[in-house]
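Remarks on the structure that follows.
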Amino acid sequence: MELATAAQMKELDRQAIEERGIPSIELMDRAAEGVAAAALELLPDRPTEYRAAVFGGAGNNGGDGIAAARLLHGKGVCVRVFLAGSEEKLTPDAREETRRLAQCGVELERFEPENAAQIDWVRGCHVLIDALFGVGLSRPIDPASRYAAAIRLMNDCAAPVVSADIASGVEADSGRILGCAVRADKTVTFTFMKEGQAAGDGALCSGEVQVWDIGIPTDLKQGVRSHLHTVDAAFAREALPPRKPDGHKGDFGKVLIVGGAVGYTGAPYLTAQAAVRSGCGLVWLGVPQAIWAIEAVKCVSAMPFPLPDTDGMLNLAALPKLEEKLSACDVLALGPGLGRGAETEALVCRLLETERAVVLDADGINALAGHIDVLDRRRDRVTILTPHDGEFARLGGDLSHGDRIRAARDFAVEHGCILVLKGYRTVTAAPDGTVLVNTTGNSALAKGGSGDVLTGIIASLLAQGAAPVQAAALGVWLHGRAGDLAAERMSAYAVTPEDVTAALGEAFLTLQRS
């Protein structure tokens, strides 16, 4: 799904109104239909037995809420509209919607945070509508303002919240929280999903996002070009590499995994198992001599082999054997459980001289800290990095502004790599500036070893012939989908990385059956 910026949405509205002659009040009414429909879905069968509170600002977003209140009133819902902004500053369309609402017998009320009767009435509502701010919000909300008080009240109420276009307080282009923000259960966003609703805090505050058509002409929408997309089942299905019915193991890729150290025997095993489970034909696993026997017992489908080590960590003497093995492989997965030391760091840098595609994870990434030039020299080769926020910061990634999408994009473009920035709504950024935001996964994946499974999946898909960016984004989607399936059966508390790997088969089947 393509995502849009606030500027793009403003331009679309302008074109529809000024160039195509669509009345702005008509667009507002259509937006209100979506908001009202979402609110009604949250109420049981008899709306006349329920009540709703609408919190509006003075802008057109407030007008959407006022119009939605009129539609709810028409369905028999007991509705009150509380204006947190100034009535004198209502936009012309919002003022017209206020007039229409008054004709129905419902008057706009000034929101008074100290009015106990108002507060008690709101707390007894069955659904709340947030129409305080639209996508144009660009500065922090004053914590002493009536807007902030309205946000706090909505967040404190038991009733579900529907946000009009965007959860108030979320910056549309980044997902940053501008002071405070509504935690919506559902957001009805208009025409396109917004960039800030896809990742980070913005995604958390948006709840379930529903895109609602307000009547912008199709050809205008087709003119919107974005480098930001969400990864859904349709994308995943398209990215899945085909599997030859008459293929043999050599047709489905060869992966070399290098990792492990004394005390870190689980990580390489998890990567190897995930690579096999996600379709790779042959998987080799190079580990320190000190842990080889452990890996040999664990790995039935992958092929571990011992390498020279120092104090249980790989050293430079392992390089010749690794280069020999890598010459017969398609992809190098480097880093799971590798440990940190001077010789290990030097080995990583030497292995990154390979022409082969590389998936770099964990201590493989940490080894690049202070050696970013090694990464830059791979600009003409396929390199996929899978850091969490801490590892990303050690590489020089900048998350200080709270915009994960921009941070990932900037790093990928600057260093000519594919960056998979792990976390809630994992972000995959490509060297050309394209960013893909994942839509699967849950807190079951927030456990040690989960990233090792992801590395194995991505390396496997890459070896099977998936295009590099698609391999990375598809791997993230499958990993998240497997985590969702496992959590449905045993809860997010109980799922282990091994459970995620075991659920990969079901995740693949969801793509093949749909």
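Being more than 18 Å from residue 165 (Cα to Cα), open to solvent by less than 60 Å² (accessible area, probe 1.4 Å) and in a helix (DSSP H, G or I) is the filter here; which residues of the stretch 1-28 pass it?
15, the sole residue that qualifies.
Within the stretch 323-334, can one find any residue that is in contact with a Lys or Arg (Cβ under 9 Å, 6 or more places away or on another chain), on the phi < 0 side of the Ramachandran plot, part of a loop (DSSP other than H, G, I, E, B) and at pLDDT below 95?
Within the stretch 323-334, none of the residues are in contact with a Lys or Arg (Cβ under 9 Å, 6 or more places away or on another chain), on the phi < 0 side of the Ramachandran plot, part of a loop (DSSP other than H, G, I, E, B) and at pLDDT below 95.
With the structure loaded, tell me whether residue 416 is under 16 Å from residue 500 (Cα atoms) and at pLDDT 95 or above or whether it fails that test.
It is false that residue 416 is under 16 Å from residue 500 (Cα atoms) and at pLDDT 95 or above.
Looking at the stretch 298-311, is at least one residue closer than 19 Å to residue 375 by Cα and free of Cβ contacts under 8 Å to residues at least 40 places away in the same chain?
No; the residues of the stretch 298-311 include none that is closer than 19 Å to residue 375 by Cα and free of Cβ contacts under 8 Å to residues at least 40 places away in the same chain.
Just for helices (runs of 4 or more DSSP H) wholly inside the stretch 345-410: which have at least 3 residues that are over 15 Å from residue 335 (Cα atoms)?
The qualifying helices (runs of 4 or more DSSP H) are 372-376, 389-394.
For the stretch 81-101, check the following and say yes or no: at least one residue is farther than 16 Å from residue 62 by Cβ, touching a Lys or Arg at 6+ places or on another chain (Cβ under 9 Å), in contact (Cβ under 8 Å) with a residue 12 or more places away in the chain and of a type outside the set (D, E, K, R).
No, there is no match, as no residue in the stretch 81-101 is farther than 16 Å from residue 62 by Cβ, touching a Lys or Arg at 6+ places or on another chain (Cβ under 9 Å), in contact (Cβ under 8 Å) with a residue 12 or more places away in the chain and of a type outside the set (D, E, K, R).
So which helices (runs of 4 or more DSSP H) are wholly in the stretch 165-265 and hold at least 3 residues that are free of Cβ contacts under 8 Å to residues at least 40 places away in the same chain?
218-222
Which of the residues belonging to the stretch 47-70 are touching a residue at least 12 places away in the same chain (Cβ under 8 Å) and either open to solvent by 60 Å² or more (accessible area, probe 1.4 Å) or of a type in the set (Asp, Glu) (or both)?
Of everything in the stretch 47-70, those that are touching a residue at least 12 places away in the same chain (Cβ under 8 Å) and either open to solvent by 60 Å² or more (accessible area, probe 1.4 Å) or of a type in the set (Asp, Glu) (or both) turn out to be 48, 51, 60, 64.
With respect to the numbered conditions (1) over 23 Å from residue 495 (Cβ atoms); (2) assigned to a helix (DSSP H, G or I); (3) touching a helix residue (DSSP H, G or I) at 6+ places or on another chain (Cβ under 8 Å); (4) open to solvent by less than 10 Å² (accessible area, probe 1.4 Å), which one is the sole condition not fulfilled by residue 338?
(2)
What are the pairs, 6+ residues apart or on separate chains, where a residue within the stretch 493-514 that is on the phi < 0 side of the Ramachandran plot and at pLDDT 95 or above has its Cβ under 9 Å from a residue that is surrounded by fewer than 12 Cβ atoms within 10 Å (Cβ to Cβ) and not in a helix (DSSP H, G or I)?
497/448
Determine if the stretch 377-400 includes at least one residue that is surrounded by 14 or more Cβ atoms within 10 Å (Cβ to Cβ), in contact with a Phe, Trp or Tyr (Cβ under 6 Å, 6 or more places away or on another chain) and free of Cβ contacts under 8 Å to residues at least 40 places away in the same chain.
yes
Starting from the stretch 463-474, take each residue that is part of a loop (DSSP other than H, G, I, E, B) and list its partners that are buried (at least 21 other Cβ atoms within 10 Å of the Cβ), counting only C-beta distances under 8 angstrom and pairs at least six apart or across chains.
Listed pairs, sorted by first residue: 464/253; 464/280; 465/253; 466/239; 466/474; 467/239.
The values are calculated or read from the model by the stated rules, or taken from the named source; none is laboratory data. Being a predicted model, the structure only gives us computed values, none of them experimental. Note that each Cβ is placed from the backbone with ideal geometry, even for glycine, and that neighbours are counted across all protein chains shown. Areas reflect the complete protein model, heavy atoms only, side chains present, ligands, DNA and RNA absent. Shrake-Rupley method; radii C 1.70, N 1.55, O 1.52, S 1.80 Å.
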